[in-house]
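Presented below is the structure to which this report refers.
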Amino acid sequence: MSTQSLYKVPSEIAANAHINEEKYKKMYQESIVNPEGFWREHGQRIDWIKPFTKVKKTSFDDHNLSINWFYDGTLNASANCLDRHLEKYSDKVAIIWEGDDAKDQRTITYGELHKDVCKFANALRSQGVRRGDVVTVYMPMVPEAAVVMLACARIGAVHSVVFGGFSPDSIASRVIDGNSKVIVTADEGVRAGRIIPLKANIDEALSHPDVTCVERVIVLERTGGDVNWEEGRDIKWDTVMETASEHCVPEEMGAEDPLFLLYTSGSTGNPKGVLHTTGGYMVYASMTHEYVFDYKDGEVYWCTADVGWITGHSYMVYGPLANGATVLIHEGVPNYPTPSRLGEIVDRHKVNILYTAPTLIRALMAEGKEQFDKFDGSSLRIMGSVGEPINPEAWRWYNEVIGHEQCPIVDTWWQTETGGILISPLPGAIDTKPGSATRPFFGVQPALVDNMGNIIEGAAEGNLVILDSWPGQMRTVFGDHDRFALTYFKTFRGMYFTGDGAKRDEDGYYWITGRVDDVINVSGHRLGTAEVESALVSHESVAEAAVVGYPHDIKGQGIYAYVTLTRGTVESEELRQDLRKWVRKEIGALATPDLIQWAGGLPKTRSGKIMRRFLRKIAANEVTNLGDSSTLADPAVIDVLIESRLNRS
Ligand code: PRX
């Protein structure tokens, strides 16, 4: 790696940062050599009701899996995000909210947020929610989404937030899996000027004959739009809040009691309910938020993620609020109504720390620098990236046009499963290289293994694994512990397998290369190819489908579907549009195939297994060196597919 591509830590940042280079080295070393002592000390950063004495009991042996942190301590996550700040910060702004329409602005202090959370916690109780119950949350990006999450945490209920872009079918499967009695939603959401029919989607989900568990739907009024009302089941947010008391003693939770469920896609089967628990998650989310973003008291922090993803959980709600930060929540998308919206928000609210995704950066880049001519940006200090590999070109654009070459970029690599950031620069400690997530956070031991599971040392490329547990790690797949062991700990025995590939350079920096399994990443949204395939084959005209990702300028990866139609069905543009709509309805807009190629046949082995590597290459328009096709039952299909491929860029 040439030194030209090394961006040095600015000396001013290094001098004032929580962690400088020397401190990083010392603390990292200590965290690996003596994890017990390291985490005993850092576990104190949050408030415990009963202090822990036990720190770590973990094993990655797939027959004897155990992940326990701070496990004899008790605490409450909402008290850590609210109550503990009240003495000093009752009047400090906790949430700045900007609506989709910039005219809509709100600020909520810690004192007010505390009151709202206590009231809604009591409201949930009045609707029958008890400790351990799963509450499904299907909300727009409004402060009330955070209120619901924290209210659940306050009474020991487990929230399961479903991204507002998911379809009724996707909601139904999550509600059934969690056996959720209560749903919290809004009449409608507003995003980029469009109305999202949240309540109507819930109604449709609940009309599914297999959804029998739901007793109550609490509906926040966001737009006042006309919605269907089912007496006895549906109840207004204002109605339940009206009579609710402002006093709610936080429930004393065990460190290993569940905090939330969040569904994410894997390479096979339905999305998995990733279960996170309370103590370790809170320690890890708050500590990474403070150190990775070098968060300082009084700063305004903006994370553009939706609350329906893990980034919205750890770095919009739990991490920053536990640290007493002022969090900006934007209802819409940062390039609507014009690409300059992002800059306008930063300037209007004097944002100090901005955390966003490569797909947005690329979308802004495509609009041209002129969009930022009026952007001041002098409040910005640190900028983050998350969700997918950031290409160096986008990194440099982010650095120049948004950061004015003054703000260190933290390219944070992590996953729904990891609860918090695992590999990332720390702004005051680690020089950056465009496109590299650089080095591990404290306590994180990444390694590269070959396909046999042998650890590879030095500068190399391989499968990315983590060798030992960290406090924010998921604890199980809800209701299916065997699947947890199988998915993450069996591929390479005794190691946590991330599903990602990575390179490590001669400086020990990690460069994430993307998924090595059948998961694709579309605009930072994770999707299993199997899910899209199963949606496609459930259409009456489809006999078989194979889905792969292909490089896409803005989205990172696009969705490329090869579809074999049932006998007698005629290929047409209309059918193609129909299939796109179908997948949208089955899963949600984010799963809509970009390209659908009609395939008379698919490349299969003699035993009938689809050889995806050929399909990936054809979709990527890499057709000159396809590799050995001798194991195919009918190698001729390849030529036909190449001939009619759709991506010729
Ligand atoms: O492939 C990696 C990619 O996103 C995956 C995790 O997706 P999800 O669970 O939805 O969480 C996204 C937000 C944490 C990873 O397996 N990914 C995430 N961040 C990066 C990344 N790839 C490269 N660089 C990143 N900074």
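The values are calculated or read from the model by the stated rules, or taken from the named source; none is laboratory data. This is a predicted model, so every value here is computed, not measured. Ideal geometry is used to build each Cβ from the backbone, glycine not excepted, and the neighbour counts take in all protein chains shown.
Remarks
- Of the residues N76, N68, the single one that is under 29 Å from H481 (Cβ atoms), crowded, with 17+ Cβ neighbours inside 10 Å and out of contact with any helix residue (DSSP H, G or I) (no Cβ under 7 Å at 6 or more places or on another chain) is N68.
- Within the stretch 491-504, the set of residues being assigned to a loop (DSSP other than H, G, I, E, B) and touching a residue at least 60 places away in the same chain (Cβ under 8 Å) comprises R493, G494, M495.
- Residue in the stretch 47-62 that is surrounded by fewer than 14 Cβ atoms within 10 Å (Cβ to Cβ), assigned by the TED database to the domain that holds E251 and closer than 30 Å to K490 by Cβ present: yes
- The residues in the stretch 451-493 that are among the basic types (K, R) and over 20 Å from G273 (Cβ atoms) can be counted, and the count is 1.
- Pairs with Cβ under 7 Å, 6+ apart, first in the stretch 396-420 and outside the structural domain of L261 (by the TED database), second away from the ligand (no atom under 16 Å from the Cβ) and of a type in the set (K, R): none
- Of all residues in the stretch 133-181, exactly one satisfies the criterion of being outside any helix (DSSP H, G or I) and among the basic types (K, R), namely K181.
- Checked against (1) outside any loop (DSSP other than H, G, I, E, B); (2) within 11 Å of the ligand (Cβ to nearest atom); (3) within 15 Å of W414 (Cβ to Cβ), Y488 passes all but a single condition, namely (2).
- The stretch 198-222, residues that are surrounded by fewer than 17 Cβ atoms within 10 Å (Cβ to Cβ) and either in contact with a strand residue (DSSP E or B) (Cβ under 7 Å, 6 or more places away or on another chain) or not hydrophobic (A, V, I, L, M, F, W, C) (or both): S207, H208, P209, D210, T212, E215, E221
- Of all residues in the stretch 253-272 being buried (at least 24 other Cβ atoms within 10 Å of the Cβ), part of a strand (DSSP E or B) and more than 13 Å from the ligand (Cβ to nearest atom), the one that is farthest from the chain's Cα centre (by Cα): M253
- Of the strands (runs of 3 or more DSSP E) lying entirely inside the stretch 505-560, those containing at least 3 residues that are buried (at least 21 other Cβ atoms within 10 Å of the Cβ) and more than 15 Å from the ligand (Cβ to nearest atom) are 542-552.
- Filter result for T338 (within 16 Å of the ligand (Cβ to nearest atom), in contact (Cβ under 8 Å) with a residue 24 or more places away in the chain and not aliphatic (A, V, I, L, M)): no
- Conditions (1) within 13 Å of the ligand (Cβ to nearest atom); (2) closer than 29 Å to D61 by Cβ; (3) out of contact with any helix residue (DSSP H, G or I) (no Cβ under 6 Å at 6 or more places or on another chain); (4) not in a strand (DSSP E or B); number of the one not met by S436: (2)
- Scanning the stretch 36-84 for residues that are farther than 18 Å from L259 by Cα, aliphatic (A, V, I, L, M) and part of a helix (DSSP H, G or I) gives no hits.
- Of G420, G453, G428, G403, all but one fail to be small (G, A, S), within 15 Å of the ligand (Cβ to nearest atom) and at pLDDT 95 or above; the exception is G420.
- All told, T412 meets the bar of being within 9 Å of the ligand (Cβ to nearest atom) and either touching a Cys at 6+ places or on another chain (Cβ under 9 Å) or hydroxyl-bearing (S, T, Y) (or both).
- Checked against the criterion of being part of a loop (DSSP other than H, G, I, E, B) and modelled with pLDDT of 95 or more, the candidates L579, L646 yield just one match: L646.
- Where helices (runs of 4 or more DSSP H) sit wholly within the stretch 324-421, those with at least 3 residues that are over 22 Å from N521 (Cβ atoms) occupy 341-349.
- Filtering V158, V162, V147 for residues that are without any contact (Cβ under 8 Å) to a residue 60 or more places away in the chain, in contact with a Phe, Trp or Tyr (Cβ under 8 Å, 6 or more places away or on another chain) and crowded, with 20+ Cβ neighbours inside 10 Å leaves a single hit, V147.
- Test result for G343, within 22 Å of the chain's Cα centre (by Cα) and over 20 Å from Y7 (Cβ atoms): no
- For E622, the test of being closer than 28 Å to L360 by Cβ and of a type in the set (D, E, K, R) is passed.
- Number of positions in the stretch 421-473 that are free of Cβ contacts under 8 Å to residues at least 12 places away in the same chain and of a type in the set (F, W, Y): 0
- Residue count for the stretch 1-15, restricted to those that are loosely packed, with under 13 Cβ neighbours inside 10 Å and part of a helix (DSSP H, G or I): 5.
- The set of residues in the stretch 293-323 being of a type in the set (A, V, I, L, M), within 14 Å of the ligand (Cβ to nearest atom) and not in a loop (DSSP other than H, G, I, E, B) consists of I310, M316.
- Exactly one residue among M383, M365 is under 19 Å from E12 (Cβ atoms) and either in contact (Cβ under 8 Å) with a residue 24 or more places away in the chain or more than 16 Å from the ligand (Cβ to nearest atom) (or both), and that residue is M383.
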